[in-house]
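Where a number appears in this text, it was derived from the coordinates with a stated rule and is not lab data. What you see is a predicted model; the values in this text were computed from it and never measured. Using ideal geometry, Cβ is built from the backbone for each residue, glycine included, and neighbour counts are taken over all protein chains shown.
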Amino acid sequence: MAAHPHRGADILVHALSRVGAWQLFSLSGNQIMPVYDAALDAGLTITHVRHEGAAVHMADAWGRLTGEPGIALLTGGPGHANGIGALYTALVSESPLVMLSGHAPLNQLGRGAFQEMAQADMAAPVTKASFTARSSETLGDDIARAIRVARSGRPGPVHLSLPFDVLENVVKEPLQCMPADDDFYAAEQAIPDAAAEAVLDYIQKAQRPLIITGPMLASSRGQNLRDQLAHAACAPVLCMESPRGINDPALGVVGDVIAEADLVVMLGKQPDYTLRFGQTPAVSKECRFIVIDPDINLLRRSITTLGRERVLMSSVADVRSAIQTLIETVKNKCFKSNTWNQSVVDAMAYRPDAWKTASAAQTGTVHALEIGRAVQKILDDADDPILVADGGEFGQWAQACMHAPTRLINGPAGSIGSAIPFAMAASVARPNATVLAVLGDGTFGFHMAEFDTAVRHHLPFVAVVGNDSCWNAEYQIQLRTYGKDRTVGCELQPGAAYEKVVEALGGHGERITRAADLPAALDRAVKSKLPACVNVMIERMPAPTVSRNAAASGGAH
Ligand SMILES: Cc1ncc(C[n+]2csc(CCOP(=O)(O)OP(=O)(O)O)c2C)c(N)n1
């Protein structure tokens, strides 16, 4: 029985559990202890991390994996500030989450309260909505709004600050403070039937149509929907979620075919830098566009960017709903498949032949492609494989040569560091999955202490570290832009023993200097059922550039 069954904090946790949000990713602090207390009675689970950024990254991964907003619960002031950076990764990856932060009490604001800070203002630029609860009575509605906004339209992060007195105050009529089920859902923005017909007509008439989506459809559920759409409309569907855009090595040589398209349907995808703003030579001058977007302002911006004369039609609609309507509308029509569709599929699958046999030039190191082959074998053999990839040049190699039906990457934010929290969240969300996180050594350091979290909460995953003793992506910039005599500041401790850090925290560690030892080490790491680190010494290499003429080692980008 709760000691204080009708506090604001109790309203909050009951509103969360009502919508099935039983999992909190959190780091404790004065301002949020009433929520911890209330969570005990409501049966919510708290995964307690070592840095607030990790909690937000975990909520992000949860959102991508489940489709429902992940919940991060941070303390006020500095705890809140520590979580902000991770919101950007979620925002541009279109990942739904709610970041709840403790906050100085309303009745002390403006008088120098402990950790008083303009928290909602801080989070506003990296969220879809950012606001502060004003009373215990309306806290349930605030939670419903936060979840509704996070999951609607283009999904993304929402921030809600929780003043301490709002959490502590007791409400008189708790039942009347609970939001209704409907309050957690926004009305769907459907594409009108006539517009769906017109889109399909344009696709049918085009010689080389291409449908492009953004990161919100990168999940395995999104892949399923994309496959259905491609099949129904008989047009290739491409999902872009890398800051390298049309040069994303995970998309093979897709840039070649994008340049040839005569119709591009932008389905929740912005014609931003990743698509070179839709201009030549990335996209042909003759190419025409259809723009479908849940956000009227972004839709207008897309039309302006592309040029009004190149846009055949546009519609404000939710992406998933629009795809469903398109699939249903197409039912009675018969579209013929063509060689264009196959050429797009082939372009995306293309990798240089030399990649199959590439090996390290220096003894004592392993080539990224050798790691790729060994990791891929583990992924292929697993019942439910999840691939997490992050980092600079090594992260690019990982994305280019490893794949799994469920893949989590740091995405268009280009912000390194989320891999370890992502892998932990994957292990929470899918306890029987085989989770492999492939990341650079610089990136490993961001959330290294989270191995403690993973051990305490029994979250097995294998971190495969490409250890080149360097922040290599920046080192490569120095080499190619300023010259080999002008490299500075990007070295890391040579061959640092990250596997021993993980062992010290109670996990499993392996150190690898020869490709031949890698398969057995990976196998031991997976079978340990512990959070594990396979620390692989690699040579410094620029990220791969996939082109039909590329050498095995890739090249500068
Ligand atoms: C949060 C953040 N800080 C800095 C950067 C700039 N950055 C991009 S890649 C990179 C180097 C990453 O090093 P590592 O993880 O070791 O991978 P490597 O490039 O060595 O393969 C840096 C510093 C970034 N993208 N994100």
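For the pair Ala118 and Trp22, what calculated FRET efficiency results from E = 1/(1 + (r/R0)^6), where r is the Cβ-Cβ distance and R0 = 30 Å, to the nearest 0.05? For R0 = 30 Å, the calculated efficiency reads 0.45. Distances between placed amide hydrogens fall under 5 Å for Ala360 paired with His367, all partners being 5 or more residues away or on another chain. In plain terms, the residue of Asp141, Asp293, Asp318, Asp182 with the fewest other Cβ atoms within 10 Å comes first and the most crowded comes last, giving Asp182, Asp141, Asp318, Asp293.
All other residues whose Cβ lies under 14 angstrom from that of Arg540 are scored, Lys and Arg at +1 and Asp and Glu at -1, for a net of -4.
Which whole-number percent gives the relative contact order of the range 427-493, counting Cα pairs below 8 Å spaced six or more residues apart?
Answer for the range 427-493 is 34 percent.
Given Cα pairs under 8 Å that are at least 6 residues apart, what percent is the relative contact order of the range 398-460? Mind dumping the intermediate values first?
Values: 44 pairs, mean separation 22.1, N = 63.
Once divided by the residue count of the range 398-460, the mean separation gives 35 percent.
If I stretch the segment between Gln228 and Arg456 completely, what's the gain in nm (0.36 nm per residue apart, minus their alpha carbon distance), one decimal? Can you show the working numbers first?
Working: separation 228, 0.36 × 228 = 82.08 nm, distance 4.10 nm.
Once the chain is fully extended between Gln228 and Arg456, it gains 78.0 nm.
Taking trypsin sites (Lys or Arg not before Pro) as candidate sites, keep only those in a DSSP loop with at most 10 other Cβ atoms within 10 Å, then name the longest stretch of the chain containing none of them.
On the way: sites that count: Arg111, Lys172, Lys285, Lys331, Lys336, Lys529, Arg548.
Between exposed loop sites, the widest span is 337-528.
Computed over the range 66-111, the range of Cα coordinates on each principal axis works out to 40, 19, 13 Å, biggest value leading.
Extension gain for the segment Asp201 to Ala180, taken as residue separation times 0.36 nm less the Cα-Cα distance, is 3.4 nm to one decimal. Treating each Cα of the chain as an identical point scatterer and summing with the Debye formula, the log10 of I(q)/I(0) at q = 0.10 Å⁻¹ comes to -0.87. For Lys527, the shell of other residues with beta-carbons less than 15 Å away shows a net charge of -1, using +1 for Lys and Arg and -1 for Asp and Glu. Legend: residue pairs Lys356/Lys529; Lys128/Lys269; Lys356/Lys500; Lys500/Lys527, Cα-Cα distance threshold 24 Å; pairs beyond threshold, Lys356/Lys529; Lys356/Lys500.
Each of Phe277, Phe444, Phe289 was scored by other Cβ atoms within 10 Å of its Cβ. Listed from fewest to most, they are Phe277, Phe289, Phe444. Other residues within the sphere of radius under 12 Å centred on the Cβ of Gly85, judged by their own Cβ, net out at -2 (K and R +1, D and E -1). With neighbours defined as other Cβ atoms within 10 Å of a residue's Cβ, the residues Glu241, Glu491 order from fewest to most as Glu491, Glu241.
Placing pseudo-labels 7 Å out from each Cα toward the beta carbon at Glu474 and Arg430 gives an inter-label distance of 3.4 nm.
Its relative contact order, with pairs defined as Cα atoms under 8 Å and 6+ residues apart, puts the range 1-153 at 23 percent. Could you give the semi-axes, largest first, of the ellipsoid that matches the range 148-252, computed as the square roots of 5 times the alpha carbon gyration tensor eigenvalues and rounded to whole Å? Over the Cα atoms of the range 148-252, the ellipsoid semi-axes are 41, 20, 10 Å. Less than 5 angstrom separates the built amide H of Val283 from none of the residues sequence-distant by 5 or more or on a different chain.
Placing pseudo-labels 7 Å out from each Cα toward the beta carbon at Ser359 and Met33 gives an inter-label distance of 6.1 nm.
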